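Beneath this line is the structure, given in structure tokens, with notes to follow.
The values are calculated or read from the model by the stated rules, or taken from the named source; none is laboratory data. Predicted model only: the values in this text are computed from it and were never measured. For neighbour counting, all protein chains shown are included, and Cβ atoms are generated from backbone atoms with ideal geometry for every residue, glycine included.
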Amino acid sequence: MTARLDRPGLLFALIGLVGLVLPLVQFKANRIVPGDGVSMALPLAGLLALILLGGCLRWSHGLRLAAALAGLGTVIAALGGTARALMADGPALARVAPAAGFWLLLLAFALMLTDAVTRLRPALHWRWLMLAGAIALVAMVLSTGWLDQVSVMREYAARRDAFLREGVAHLYLAFGSLGLALMIGLPLGVAIHQAPSARGPVLSVLNILQTIPSLALFGIMIPIFGWIAANVPGAAQAGIAGIGVFPALVALFLYSLLPVVSNTLTGLSGVSPATQEAAIGLGLTRFQRLTWVLVPLALPVLLAAIRIVLVQNIGLAVIAGLIGGGGFGTFVFQGLNQTAMDLVLLGALPTIGLALVAGIALDLLVQTLNHTTPRPA
Amino acid sequence: MIQISHLTKLYDGKPVVDDVSLTVERGQIAALVGTSGSGKTTLLRMINRLVTPSSGQVLIDGQDTAAIAPHLLRRRIGYAIQGHGLFPHRTVGQNIATVPRLLRWSADDIRARVDELLTLFQLDPDAFRDRMPHELSGGQQQRIGVARALAAKPDLLLMDEPFGALDPVIRAKAQADLRQIQRQLGTTLVLVTHDMAEAILLGDRIAVMDRGKLVQYAPPADILRAPATPFVEALIGPDMRPFHLLSLTPAFQIATEGHAIGAPIPREATLRDALAECLWSGRDALPVEGGGVVTLAALRQRAAP
Ligand SMILES: Nc1ncnc2c1ncn2[C@@H]1O[C@H](COP(=O)(O)OP(=O)(O)OP(=O)(O)O)[C@@H](O)[C@H]1O
Ligand SMILES: [Mg+2]
């Protein structure tokens, strides 16, 4: 009997069934008080239970994928539907927030989906298409307005402009610090590759930087940059300040340096000595060796560094909200101050989404490159 | 022509190549042999200035190589190494085209040259041009490495144990091909090898290195008949001497009038092959294709100093 059952499927079913028992949403009188749990409509719950139990059988991967999508769709639809029904005759200040049941069901079907995609082993271009499709699907669901009565979306509706602004600021922080780290880190990595004696000291300094907790780093920077802004002529005009975007950018940049520098070094060191000797022996100049041979061969490792840094910085940029640096962190800390969890979610959910998309997209990019430029065994 | 005079390389004050002088005439092959660590690679790499000499000179066609920018010098000199060093992210065609591209040949000339070289090395251009190096066998990679070294038609080719990693059958084929191509192109070749048999087969002259010093530089027959030092003698291996000697001469050169029975041996077969055939088939004389016979007595005479 157990041989006929799918083990990961069993796990997902277990998570999902617990989710079905717990309340789908919290119905609250206003955005800060705790509310009462409301469960899903019974027919929908029955449908979800069927899908979850079916997932325990040895279904084909395609069927599993379809089932996971159907499950996800149903959970989202149930969330929006329940919120609409509750708000239709509730007071204007009332809120319907997703609760434990919703999150567990979302988790169960998301896991089922990932599992199905992994087992399908789709070709690279299919995975690109799937990523694009997933983004389009989320955008479509949000634009239909079906979820507009859910608390997070209510918070969004109240600060549309701010959301856009902080979103741009968040991307600016993440990509800006990445750009800075590449501008400084790549040459630094190349330099310590050429001068092995400098490797130890440079890497140790970067290692120490990496271990400073982010809050502590901000704490150190506020007085330092504040002092510079106050005492160095022109510094304040150039944007240097103890709080705001500048220290946030610097902190993210410092955290990015180690992965960029060490991966540059690893990538360059991975190029076989015979290849390098041939490049010199054939008469390539130092610059040509770097651009024709070393960098292209180190590229997959460099991209891996960019992936690490980008995902890390998208997450870390939340902290910038604490010192007025902007970004989605602004909502998170506002929400924490007001004990309004919906506002926290408004900051956290897009951050998670961005990090996921960036991570998957860069993974795919690395694989695409590895496909076209295989490295020697 | 390449003239090396009083070339010395010191590492930590110790000579690794010690006052070496030798001349390789245009179109000739010089084989550098010696035990491991005797300075062969260092000597070779001083020719294209991958290693800067501590003292002494290298002249190529009368021009002092120290007076040329190293990367420009290297583009004029073909260089092939053990483990081929092909660029793994570039196709076979792009690999071969490296130096012509550096020299800014036109795209048409480069394409024509790549196809010409692939054909010369018996690889079908249409099948191999766009392959990646990892899609080739070791022997094919090695040939591409040599083709790349020859791409810009250098007058001088340097090779450091180019066949070291090949199995004996493929190595013999690669050696024969190299000899033929070198004769065809008239390239001057300096070849480092561990293998005395390879040096004897390919070298017009053999340079024997011992602890950084050049102890003998002479044609293979002279090295075999009159080794300058006990070290040279040991390197040849006393048990191998008659066989190496016989391997220098093709059968037709000593063929005489006469009559012999049995299957004939090819004209180009070496006397060593002939001896082996005599012993194996129990014959005292062998017919040679195209006329004449080789006798066991003649072989014996040839195998002695
Ligand atoms: N960059 C270097 N620094 C210090 N010593 C070196 C360096 N390169 C080579 N040597 C030393 O010089 C000597 C000769 O080395 P070389 O590579 O020329 O020998 P080789 O004859 O090619 O040996 P093999 O047959 O093993 O390749 C060796 O003792 C080696 O340790
Ligand atoms: Mg060597």
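Quick rundown of the values:
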{"item": "Near pairs, Cβ below 7 angstrom, 6+ apart or cross-chain, from the range A:69-83 (in the same structural domain as A:Thr114 (by TED's automatic domain parsing)) to any residue that is of a type in the set (D, E, K, R)", "result": "none"}
{"item": "The range A:1-32, residues that are among the basic types (Lys, Arg) and surrounded by fewer than 19 Cβ atoms within 10 Å (Cβ to Cβ)", "result": "A:Arg4, A:Arg7"}
{"item": "Helices (runs of 4 or more DSSP H) lying entirely in the range A:155-254 (those with 3 or more residues that are buried (at least 18 other Cβ atoms within 10 Å of the Cβ) and touching a residue at least 40 places away in the same chain (Cβ under 8 Å))", "result": "A:160-194"}
{"item": "Lone qualifier among A:Gly145, A:Gly133, A:Gly73 - being surrounded by fewer than 15 Cβ atoms within 10 Å (Cβ to Cβ) and at positive phi", "result": "A:Gly145"}
{"item": "Criterion (without any contact (Cβ under 8 Å) to a residue 12 or more places away in the chain, of a type outside the set (Ser, Thr, Tyr) and assigned to a helix (DSSP H, G or I)) met by exactly one of A:Leu63, A:Leu48, A:Leu52", "result": "A:Leu63"}
{"item": "Cβ-Cβ under 6 Å pairs, at least 6 apart or on other chains, the range B:45-58 side not assigned by TED's automatic domain parsing to the domain that holds B:Leu32, far side away from ligand 2 (no atom under 15 Å from the Cβ)", "result": "none"}
{"item": "Any hit, the range A:254-274, residues being touching a strand residue (DSSP E or B) at 6+ places or on another chain (Cβ under 8 Å) and over 20 Å from A:Phe218 (Cβ atoms)", "result": "yes"}
{"item": "Qualifying position, being touching a residue at least 24 places away in the same chain (Cβ under 8 Å), within 26 Å of A:Trp59 (Cα to Cα) and either outside the structural domain of A:Gly55 (by TED's automatic domain parsing) or over 21 Å from the mean Cα position of the chain (by Cα) (or both), among A:Leu131, A:Leu107, A:Leu147, A:Leu120", "result": "A:Leu120"}
{"item": "Any strands (runs of 3 or more DSSP E) falling wholly within the range B:1-54 and containing at least 2 residues that are in contact with a Pro (Cβ under 7 Å, 6 or more places away or on another chain)", "result": "B:2-11"}
{"item": "Matching entry among A:Gly283, A:Gly335, A:Gly329 (being free of Cβ contacts under 8 Å to residues at least 24 places away in the same chain and buried (at least 23 other Cβ atoms within 10 Å of the Cβ))", "result": "A:Gly283"}
{"item": "The listed residue being more than 14 Å from every other protein chain (Cβ to nearest Cβ), over 20 Å from the mean Cα position of the chain (by Cα) and aliphatic (A, V, I, L, M), out of A:Ala340, A:Ala355", "result": "A:Ala340"}
{"item": "Among residues of the range B:152-177, those that are touching a residue at least 60 places away in the same chain (Cβ under 8 Å), more than 16 Å from ligand 1 (Cβ to nearest atom) and either of a type in the set (A, V, I, L, M, F, W, C) or loosely packed, with under 15 Cβ neighbours inside 10 Å (or both), counted", "result": "3"}
{"item": "Residue that is nearest to the other protein chains (Cβ to nearest Cβ) [pool: residues in the range B:47-71 that are within 16 Å of ligand 1 (Cβ to nearest atom) and under 24 Å from B:Arg179 (Cα atoms)]", "result": "B:Asn48"}
{"item": "Residue within the range B:104-113 that is more than 16 Å from ligand 2 (Cβ to nearest atom) and under 26 Å from B:Asp222 (Cα atoms) present", "result": "no"}
{"item": "Residue count, the range B:256-299 (criterion: small (Gly, Ala, Ser) and within 28 Å of the chain's Cα centre (by Cα))", "result": "3"}
{"item": "Flag if B:Arg74 is more than 13 Å from ligand 2 (Cβ to nearest atom), surrounded by 21 or more Cβ atoms within 10 Å (Cβ to Cβ) and not in a loop (DSSP other than H, G, I, E, B)", "result": "yes"}
{"item": "Of residues in the range B:22-37 being in contact with a strand residue (DSSP E or B) (Cβ under 9 Å, 6 or more places away or on another chain) and among the small types (Gly, Ala, Ser), the one surrounded by the most Cβ atoms within 10 Å (Cβ to Cβ)", "result": "B:Ala31"}
{"item": "Matching residues, the range A:286-315, being in contact (Cβ under 8 Å) with a residue 40 or more places away in the chain, over 20 Å from A:Thr266 (Cβ atoms) and surrounded by fewer than 22 Cβ atoms within 10 Å (Cβ to Cβ)", "result": "A:Gly315"}
{"item": "Count - residues of the range A:320-340 that are farther than 10 Å from A:Ala169 by Cα, touching an Asp or Glu at 6+ places or on another chain (Cβ under 9 Å) and assigned to a loop (DSSP other than H, G, I, E, B)", "result": "1"}
{"item": "Subset of the range B:72-88 [within 7 Å of another protein chain (Cβ to nearest Cβ) and β-branched (Val, Ile, Thr)]", "result": "B:Ile81"}
{"item": "Every residue from the range B:264-305 that is acidic (Asp, Glu), within 8 Å of B:Ala251 (Cβ to Cβ) and surrounded by 15 or more Cβ atoms within 10 Å (Cβ to Cβ)", "result": "B:Asp273"}
{"item": "Subset of the range B:25-46 that is of a type in the set (A, V, I, L, M) and within 14 Å of chain A (Cβ to nearest Cβ) - its residue that is farthest from ligand 2 (Cβ to nearest atom)", "result": "B:Met46"}
{"item": "Test: residue in the range B:125-138 that is more than 13 Å from every other protein chain (Cβ to nearest Cβ) and either more than 29 Å from A:Leu369 (Cα to Cα) or of a type in the set (Phe, Trp, Tyr) (or both)", "result": "yes"}
